[in-house]
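Student: My questions will all concern the structure given below.
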Amino acid sequence: MPKPSDPNAAALAELTDAVVRCRRCPRLVEWRERVAREKRAAFAEQDYWGKPLPGFGDPAARILVVGLAPAAHGGNRTGRIFTGDRSGDFLFAALHRAGLANQAVSLHRGDGLRLDSTYVAAVVRCAPPTNRPLPAERDNCLPYLAREIGLLRGLRAVLALGSFAWDGALRALGANGHRVAPKPAFGHGAEAPVGPFVLLGSYHPSQQNTFTGKLTPPMLDAVLARARAVAGL
């Protein structure tokens, strides 16, 4: 959560409240709440969050990391983006190695994790069935990402994790008046200037990618090092 002393804290807190209250997409509302009621056996004794997930991190961020959507039994359970699943384990370990997080693990909202110069968000804020949001659901959520980009006034680098996040980030940047044509192609290590920002691409840290070696720790470390350089860190 933003600290009260930060200049962007009040606006980010208002946006957080708006995200958490959102019920724009009936299919996603029904799914996230059903998952929170039925639970996975391993987490049967836990209270699931079961609501949309706001962004998380440093209000003075110079790097924005954008994912696809919360995992049903990850962020939808813990209440923090990329928290409580293998993708988050991989991502936050890399952020820690890059000096952008104070610890290598993200377990739950009260675990003491802090990000430095970095903010983490997603294109879609509710866990979608089979991890596949519909285009209309993406479009309903995009104003939240666009507002975050506008509020993070020190932002310089936007790191998209996967092609869905790459497309969503381009749309959100466009909503802030920063459009680029032709549309730059996504790829691991891809880089595109978009207005005052640089959009960077990385394969998503899903188990499908990390278990097969499509994305390795050194590969993500290299992209984060480039993000730091772009951000002037």
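The numbers here are math on the coordinates, done by the rules we state, and not lab data. In this text the structure is predicted, and so the values were computed from the model without any measurement. All Cβ positions, glycine included, derive from the backbone under ideal geometry; neighbour counts span all protein chains shown.
Student: Among rounded, prolate and oblate, which fits the chain when a ≥ b ≥ c are the square roots of the eigenvalues of its C-alpha gyration tensor, a/c under 1.5 means rounded, and a/b larger than b/c means prolate? Walk me through the numbers on the way to the answer.
Tutor: On the way: a/c = 1.32, a/b = 1.24, b/c = 1.06.
Taking the square roots of the gyration eigenvalues as a ≥ b ≥ c, the chain is rounded.
Student: Here's a follow-up. Report, in debye and to the nearest 20, how large the dipole of the chain comes out about its Cα centre when Lys and Arg carry +1 and Asp and Glu carry -1 on their Cβ. Intermediate values should be presented prior to the final figure.
Tutor: Details: 30 positive and 19 negative charges, 66 e Å.
Approximately 320 debye in magnitude.
Student: Would you mind pulling out the separation of the Cα centroids of region 209-233 and region 22-94, in Å?
Tutor: Value for the Cα centre distance between the two parts: 22 Å.
Student: If you don't mind, another one. Please order Tyr144, Tyr48, Tyr119 by the number of other Cβ within 10 Å, starting at the fewest.
Tutor: In order of increasing Cβ crowding within 10 Å: Tyr48, Tyr144, Tyr119.
Student: Would you list Ile149, Ile81, Ile63 from fewest to most Cβ contacts within 10 Å?
Tutor: Listed from fewest to most nearby Cβ atoms, that is Ile149, Ile81, Ile63.
Student: On to the next question. Given only helices, namely DSSP H runs of n ≥ 4 each adding -39500 (n - 2.57), what is the per-residue ellipticity at 222 nm of the chain, to the nearest 500 deg cm²/dmol?
Tutor: On the way: 8 runs with 91 residues, N = 233.
After summing the helix terms and dividing by residue count, I get -12000 deg cm²/dmol.
Student: Here is a follow-up. When the chain is modelled as a GNM with alpha-carbon springs shorter than 10 Å, which of Ala36, Ala72, Ala181 fluctuates the most?
Tutor: Result: Ala181 has the largest fluctuation of those listed.
Student: Where does the charge balance sit around Gly232 when Lys and Arg score +1, Asp and Glu -1, over other residues with C-beta under 11 Å from its C-beta?
Tutor: Result for the local shell: +3.
Student: For the chain, with a Gaussian network of springs between Cα atoms less than 10 Å apart, report the residue from Gly150, Gly112, Gly88 with the top mean-square fluctuation.
Tutor: Most flexible of the set in this elastic network: Gly112.
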